[in-house]
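Working notes for the structure below.
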Amino acid sequence: MGNDYMVEMQHITKSFGKLIANNDVSLKIKKGEIHALLGENGAGKSTLMNVLYGFYGKDKGKILWDGKEVSIKDPDDAIKLGIGMIHQHFMLVKKFTVLENVTLGMKEGKWIEIPTEEIRKRIMELSDLYGLNIKPDARIEDLTVGEQQRVEIVKALYRHSKLLIMDEPTAVLTPQEVTKLFEVLHKLRAEGKSVLFISHKLPEVLEISNSISIMRDGCMVENMENRPDLDERQLANAMVGREILLDIEKSECKPGDVVLKLDGACCDGVNTSCGVTDFSLEVRRGEIVGLAGVDGNGQTDLSELIMGLRKQTKGKIEFLGQDITHLTTKQRRELSLGYIPADRLNSAMVGEFTLRMNMAINKPDKAPFGTKWAFNKKSAGAYTREKMKEFNVIAQSDEVPAKNLSGGNQQKVVLAREVGEKVDLIIAVYPTRGLDIDATRFVFDTMLKARDKGTAVLYISNELEEILQLSDRIGVLYEGTLNGIIPREKADVTTIGLMMAGREAEVIDK
Amino acid sequence: MNDTKKLNSATVIQTIFRLSSVIGAIIGLLIAALFLTLLGINTIEFFVELVKGALGSPKAIGNTLNRAAPYMIVGAATAIAYECGSMNMGQEGQVFMGGLGAALVALACPGLPKPLAIPLALLGGMLLAALYIAIPVIFRLYKGINEVLTTLIMNYVATLIVSAMVIGPIACTTSSSYPRTDEFGAAYMLTNWRDIGHLHTGIFIAVAVVILAIYFFYVHPAGLKARAVGFSPMASRTAGISPTKVFALGMLMNGAFCGLAGGVELLGRYNNLRGSYADGIGWDSLIVALLSGLDPKGVLPAALFFGGLYTGISTLQRTLGVPSALLSLIKGCIVIFVMTGTAIQKYHQAKLKKPAKKEA
């Protein structure tokens, strides 16, 4: 007893094949604190949490719970200890009521009779105590995203969780809902619960947390108390790291004619995405325009709008001076452009198709893939093999299904298809997501080579470091708008970081 | 890690899945034999008589081929439609509408010469069936109503329409013991050979349709696009293919070819339209499509097997006194086992996918 720490993770190592996701990582969370875990995508935050919650076994290291060593083999063990996980995507049955969802999560079973009244009472108690404002009989599908999140919190609390793990809880919330969530978190802390708050949004972390841990490349680089003098700049530097991992040699940028021009373009969002609002941007020959931004600020919406995959509600899009606003995706595909969508295996390729068919999918009826009447396996195969060599795709043949390839090789196939021939415009969205260093490097080289040959490149990513390395001009996407665009020379992590958080570029300049 | 090991088990499962139709068919037959032993019928005798009934004489072969012809047409069209991502369940109704369309043409233009009469009647059938299935397509595209339900329901509507037509508007003008239309005349009769069980030229049309389907599916660029939509509507959209268009075309094409099958069945075997003329052809063809692995290449053997099964068991009713319900039993078993194979394959695929997903 008298132990200060709720949980201590000591020297955790976890690898997936060659990839070391967590390398000797230690994390201590006190009782009654909000502990933030910061890191870029792929830094290893989720892996660490999944080890703690029992989704993954650990290769090395140990976990202490309330001072005693425990073994957490599966989420059941974690729940029994009192660990509650609130996923980014809620695990709720939409057609059920709050009460029914809580009942579903019950572990101690009175199988014959469900004590509905007891559960109802307890939900109301919890709701009052923590200011959750949840009605037990409300149907999940009628609730807002923020309310659904609070149902998840009730679920965890109902199981007597002492530690709540929240995976990017604010990513899906509106600012008002974030405020409300923070009130709840304060109450949880006041009642002695611990919260592990995973995020990559710096201002939030500074606002809500007592202590901050920062991960980078699978390692824990910083463990610190939150102090009033701590600022976003310091956190950003620790998160991205001072040393640049990939050195890039760039020739001087010689921008030419405007290739892509968006003029006040708008589209609505789908599901939870924010859409694009009044977006104006020019991309010229021989330059890379990088668009930074936190995930979910319109990256996919923007690229799909340009490709004609979304209904454009306002504005104009021009390609080499030609108005393409009303062209279909098929017609835009016939322009000289390459599109690397964000979702590789769902949007860029058909996983069940062979590489050859994936290469041909945009225009199976054109040479070298075929004619109007027949798909030509031979010449399509020959072309595919040639491109595979050129783009260094490692696969047994051109006849293996795309889904059997590693992410890096899949992306190379997409690159080969989209930019294998000279194009005037490349639109790349998260092109390095999930790729290892080598494949990332390859993507970079491809982009730079294209740029030097006079292609206009629109490079959309949430990896700030990449944007800074590659771009000639940097814009920031914020809630579906272009929140300023600045030349590379004037950009640094802090400026862009602040712009990503919604501050105006001019304000930061002063 | 152990990527190669996983791949191997994946290929093994793939192979088993590919064979699952055959395995399903065999298990179905074995279960049927088991039930027959309960009735005191020798298993070996059952199989011998079954094969004899299906292939034992020119007449049997003719019957089998005649039965297989509509199966081939509908099976191929259905396999393609499913691969385009449309879940059309309205084959039975479409076949009936096809028959009605052909009959309407035949009754409207009785004097036509044969080379004109037959194509025209078949086209009429295709058109009417396609129009009929356009209704659920419109419901789906404009109101988002699931085509599985609408097409399923419309089967019953179609059979009832045909029944009503042969009693009312196009009923026989002379006296008849059952509801039917007037005779169409010799011009509307597909050439048939009496010596080989009245085998009619429909089988050539059927084989041609299957070849066309294979060509479309594997050779024509549009086939590639259609398959892309079936696998991944998202990726197709990104590649500039319209899943909506592919869906609509898949449905209408399915309708048209079911209509063709209805026409072939009508002009090949009957010379008039009657209420129940094509009972069960659509349903059976669904099983044929399933048995083919939803692949036009598999349709030919699947249709022949099913045609043979149908003819064989009909004969067994006479020779061994086997109840006709046995056919339904075998059909049911085949569906269950083939579907189980598919489910197992999906389960394994999901299992193989998972670890890769987790790394993200």
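Computed from the coordinates by the stated procedures, all read-outs in this text should not be read as laboratory data. Worth saying up front: this structure is predicted, and the values here are computed from it rather than measured. Glycine also receives a Cβ, built like all others from the backbone with ideal geometry; neighbour counts cover every protein chain displayed.
Points to keep in mind about this one:
- The range A:123-147-the range B:28-83 distance, computed between alpha-carbon centres (Å): 60 Å
- Cα point-scatterer Debye curve for the range A:368-510, base-10 log of I(q)/I(0) at q = 0.11, 0.17, 0.21 Å⁻¹: -0.52, -0.97, -1.26
- Surrounding net charge for A:Glu177, when Lys and Arg each add one and Asp and Glu each subtract one, Cβ distance under 15 Å: -4
- Assigned charges on the beta-carbon of Lys, Arg, Asp, Glu; chain A dipole about Cα centre (debye): 1420 debye
- With bins 5 Å wide beginning at 0, the percent of Cα pairs of the range A:347-421 falling in each bin runs 4, 19, 32, 27, 14, 4, 1.
- Value of relative contact order over the range A:347-421, rounded to a whole percent, pairs C-alpha under 8 Å and six or more apart: 37 percent
- Straight-distance crosslink candidates among aspartates and glutamates, where the alpha carbon sits under 17 Å from A:Lys68 and sequence neighbours closer than 8 are dropped: A:Asp4, A:Glu8, A:Asp77
- Each listed q (0.16, 0.18, 0.21 Å⁻¹) maps to a log10 I(q)/I(0) for the range A:169-320 from the Debye sum over equal C-alpha point scatterers, namely -1.05, -1.12, -1.24.
- Inverse of mean 1/r across different Cα pairs in the range B:204-339, Kirkwood, Å: 17.1 Å
- If you run the Gaussian network model on chain B, springs between alpha carbon atoms under 10 Å, then out of B:Thr159, B:Thr319, B:Thr150 the most flexible one is B:Thr319.
- Using Cβ point charges alone (K and R +1, D and E -1), the dipole size of the protein assembly as shown about the Cα centre works out to roughly 2500 debye.
- Between the listed residues A:Ser209, A:Val93, A:Gly484, the Cα displaced farthest toward the positive end of the dipole of chain A, a dipole computed from Cβ unit charges relative to the Cα centre, is found at A:Val93.
- Chain A: relative contact order in percent, alpha carbon pairs under 8 Å with at least 6 residues between: 14 percent
- The protein assembly as shown - mean residue ellipticity at 222 nm from DSSP helices (-39,500 (n - 2.57) per run, n ≥ 4, rounded to 500): -16000 deg cm²/dmol
- Value of relative contact order over the range A:5-240, rounded to a whole percent, pairs C-alpha under 8 Å and six or more apart: 29 percent
- Sites listed here are GluC sites (Glu not before Pro) in the range A:255-350 whose DSSP assignment is loop and whose Cβ has at most 14 other Cβ atoms within 10 Å: A:Glu334.
- Qualifying trypsin sites (Lys or Arg not before Pro) in the range A:247-315, DSSP loop, other Cβ atoms within 10 Å at most 16: A:Lys250, A:Lys311
- Three-way shape call for the range A:1-94 based on the alpha-carbon gyration tensor, with the a/c threshold at 1.5: rounded
- Distance between modelled label sites at A:Cys253 and A:Lys366, nm, 7 Å Cα→Cβ extension: 2.9 nm
- Convex hull volume of the Cα atoms of the range A:5-240, normalised per residue: 125 Å³.
- Highest GNM mean-square fluctuation among B:Gly90, B:Gly168, B:Gly125, for chain B modelled with Cα contacts below 10 Å: B:Gly168.
- Net +/- balance of residues flanking A:Gly381 in space, Cβ distance below 12 Å, scoring K and R +1, D and E -1: +2
- Overall, the range A:347-421 carries a charge dipole of about 140 debye about its Cα centre when +1 sits on the Cβ of Lys and Arg and -1 on the Cβ of Asp and Glu, all other atoms neutral.
- DSSP-loop GluC sites (Glu not before Pro) across the range A:360-406, with at most 15 other Cβ within 10 angstrom: A:Glu399
- With 28 Å as the limit on Cα-Cα distance, the pairs of A:Lys14/A:Lys94; A:Lys254/B:Lys225; B:Lys143/B:Lys225 that go past it are A:Lys14/A:Lys94; A:Lys254/B:Lys225.
- Ordering A:Pro401, A:Pro364, A:Phe391 by the projection of their Cα atoms onto the charge dipole of the range A:347-421, which places +1 on the Cβ of Lys and Arg and -1 on the Cβ of Asp and Glu, puts A:Pro364 at the extreme positive end.
- Its alpha carbons give the protein assembly as shown an Rg and a Dmax of 32.8, 104 Å.
- Summed side-chain charge close to A:Ile361 - residues other than A:Ile361 whose Cβ falls under 9 Å, Lys, Arg +1, Asp, Glu -1: +3
- Cα convex hull volume per residue for chain A (Å³): 173 Å³
- Candidates B:Cys84, B:Cys109, B:Cys258: whichever shows maximal mean-square fluctuation once chain B is modelled as a Gaussian network with Cα springs under 10 Å: B:Cys109
- Debye log10 I(q)/I(0) at q = 0.20, 0.21, 0.23 Å⁻¹ for the range A:413-455, Cα point scatterers: -0.60, -0.66, -0.79
- For the range B:303-348 and the range B:179-206, distance of Cα centres in Å: 27 Å
- Where N is the number of residues in the range A:120-183, Cα Rg divided by 2.2 N^0.38 Å: 1.07
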